[in-house]
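Note sheet for the following structure.
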Amino acid sequence: WVVGPVTGPELKARRKELGLKLKDVAHALGIKHIQQVSEWERGDVRPGSKHLVGLAKVLQVDVAALLSNL
């Protein structure tokens, strides 16, 4: 899907493109509160290292793209 860096708003766009809700992403990552995923999408907070691989899988993006710009 993505070759270059992924920004917060691109995370949101990709989630919506895949037809996923915030709760779907949060559930897939074992996160109890969807606000955490929302903060990533707004660019307020970066996902922690323990969530990067899972987030990349859920959104079907390259982990390197997440690391390079989040």
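The values are calculated or read from the model by the stated rules, or taken from the named source; none is laboratory data. Since this is a predicted model, take the numbers as computed values, not measurements. Cβ sites come from the backbone with ideal geometry, for glycine too, and all protein chains shown count toward neighbours. Only protein heavy atoms, including side chains, enter the accessible area calculation; ligands, DNA and RNA are left aside. Shrake-Rupley method; radii C 1.70, N 1.55, O 1.52, S 1.80 Å.
The residues in region 52-70 that are in a loop (DSSP other than H, G, I, E, B) and open to solvent by 30 Å² or more (accessible area, probe 1.4 Å) can be counted, and the count is 2.
Among the residues making up region 33-51, those that are assigned to a helix (DSSP H, G or I) and either modelled with pLDDT of 90 or more or in contact with a strand residue (DSSP E or B) (Cβ under 8 Å, 6 or more places away or on another chain) (or both) are Ile34, Gln35, Gln36, Val37, Ser38, Glu39, Trp40, Glu41, Arg42, His51.
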